[in-house]
Structures are given as C-alpha cells and as structure tokens.
Amino acid sequence: MTSAVALLGSPLAAIAPRGEGAQRISELWWVMFGLSLVGFAVVLLALGLALRRRGREGPRAHDRRLIIGGAVLAAVLVVPTIAMTITTSRALSEDDAPAFEIEVTGHQFWWDLRYPMPGSTRLDEGRTFRTANEIHIPVGQTVRLRLRSADVVHSFWIPELQGKRDLLPGHENTLDLHATEPGEYRGQCAELCGRGHALMRLLVVAHPPDEYEAWLRRESGPVAVQPDAAMREEFGNSCAPCHDLRGVFERETFGGDVGPDLTHLASRRTLAAGVLPNTREALGRWIIDPEGVKPGSRMPDVLLDAGPLTDVVDYLRELE
Ligand code: CUA
C-alpha cells in the first residue's frame, strides 16, 4: 500500500495550493495564523507584566486598562478575520461560466464519474460517458463538479486544489475546480462513510489543454479490444453484473453502476479507488482478494481459477 502512496505522488497539503480555490483558502489560513500569533504574543506579554507588577505591588482587584485592552485586542484580531472569511467564501462560490461539467457520484467506497461527450459541455445536453476514480481536467479552466451520492454522505476533497464539499443522498451540491499547474493531485473522501472510508481515495490529473483533448477523445471512445467469445462468457459471468464495458456490457444485471466502469481501465493510474498502482500483479490480487486489499470494500470475491483469472487480467490490461 505504500507503493500506492508513492505512485500518487503529491501530498494531501492544503497549504501548498496549486488551484484557485485552495490558493484563497491558504491565504486566509496564513492571515489567521499570523493574527493568532500576534494575539498570543500580546497575551504572554501582558501576563509577564502583570506577574512582575504583582511581585512589586501585591494583588489588586482589577485593572481597568487590562480589561479595555483585552476587548480592543479581541476586536482588532476578530473583525478582520470575519471580514476576510466572508470575502473568501464569496470568492469561492461559483464561477459564472465553467468550461464544462462533470458529475461525481460517491459510492461506498469509490467515485463514479460522468462526462459530457466531446463537443458538449453540459451533462443534460446530450450523450455522456462514464469513468471512475480519476478526474482529468484541462489546466487553467474552471470545471464544475456536480456532486451526488448513491448511498451515504461522502465528502470530496482535493486539498491542493479546493476546499471540501459533501456529497449527499437526494441533494446535488456543486464545486468548481480550477488547477493552475499541470500535475497529479491526490484526493480523499473526507467524511466517515463506512469501513472503507480511509481507502476511498481519488486522483485529479490536470493536463495542458491539447493533452486533455487527447485524453477526452480516447476515454469517450469504445473499448480498445473487443472480447472474443470465451472472454465475453467469462467477463459476462464474473464482472458484468457490477461493471460496464462500454458497447459490450452496459447496465447488465445490477444496473452497471454497482462498480466502476472498466472500459479504459488500463489507462488509469490506480486500482480500487487510489489504493493500488495499476499493475498486472496488483490487478490479479485485487480481483481474487478484495477484502485483503481494501477491507470493507463492496467488491465480492470473484471465484476464478488460475486460467480464467489470467485471461481476465490479460484482457483488462489491454483496455487502454
Ligand atoms: Cu466516502 Cu468517506
């Protein structure tokens, strides 16, 4: 599991911002930190002076200057903090014209993602396609996330890019993402949502615009390799009850959104919602021992013998 952390690279660091929202939050944090330091220093100084005077003059009932000074100090520290908090919240509220929308649905314990097809920017405008656990965005543009939940309350948090926002059953929240530098940004569900909560991770990949367009074209397309008859049978029995393969198995037995869409699984950086690096060995382990890899995951044990398991892994590895 340490390898997954290394693979995901960037830290969960809210005060090392690389996105517009996180930048504003971090500025507010530093101002609050500075004002608190000033308050702390003044109080320590006052305490020191009072102790010295008490040593010289003996105890006194009260000192009016101290009371007034304390009230003034509190006002001087608290008023700017409140004002700046209000301005920051306003600035964090929505951009008027986001470049496009992505629907993010929280599931125990992974993220379902729905994008508009290339050429379209709104989810309710036309056709969409699905992917999971890895949000790709163009750098320098504002992207509107529409946050929902399929079960319990989750919380979407990419510390380097933006503040947290809850995903609620029966209610849609929105959150704008705007990365200012290309890179990979780690995220983590920030609301206790069950046994698999700590391992409900995700990744945001911010690309230069042309690289993003290439990703979008590939990701919105059909499976790279059609399954042969044997794989159709194997995948149909073992995987399709929970997972879609666009154009081959869609919304089969349980509706297809029980587990992540696997159409371009091989192109993702991680498996099991940011828990494992996407390698051949890790994929095999995840399929045969989901509970060992990610305790509490809803992925059932798939009873595959060594031969069919190798075939399924080989096939999934081809799905770039
Ligand atoms: Cu989802 Cu914690």
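The values are calculated or read from the model by the stated rules, or taken from the named source; none is laboratory data. No experiment lies behind these values; they were computed from the predicted model shown. Note that each Cβ is placed from the backbone with ideal geometry, even for glycine, and that neighbours are counted across all protein chains shown.
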Within the range 173-180, is even one residue at pLDDT 95 or above and touching a Ser or Thr at 6+ places or on another chain (Cβ under 6 Å)?
no
Can you tell me which residues in the range 189-204 are touching a residue at least 24 places away in the same chain (Cβ under 8 Å), near the ligand (Cβ under 8 Å from one of its atoms) and at negative phi?
189, 190, 191, 193, 196, 197, 200
When the residues of the range 205-228 are narrowed to those that are buried (at least 18 other Cβ atoms within 10 Å of the Cβ) and in a loop (DSSP other than H, G, I, E, B), which ends up farthest from the ligand (Cβ to nearest atom)?
227
Where the second residue is of a type in the set (Ser, Thr, Tyr) and in a loop (DSSP other than H, G, I, E, B) and the first is more than 11 Å from residue 261 (Cβ to Cβ) and lies in the range 229-247, which pairs have Cβ atoms under 6 Å and are six or more apart or on separate chains?
241/253
Top-ranked residue in the range 102-152 [being assigned to a strand (DSSP E or B) and of a type in the set (Gly, Ala, Ser); ranked as farthest from residue 168 (Cα to Cα)]
132
Residue hits (the range 291-320; of a type in the set (D, E, K, R), surrounded by fewer than 18 Cβ atoms within 10 Å (Cβ to Cβ) and not in a helix (DSSP H, G or I)) are 298, 301, 305, 318, 320
Flag if residue 165 is of a type in the set (D, E, K, R) and more than 16 Å from the ligand (Cβ to nearest atom)
no
Just give me the residues in the range 246-276 being of a type in the set (Ser, Thr, Tyr) and closer than 14 Å to residue 107 by Cα, in sequence order.
none
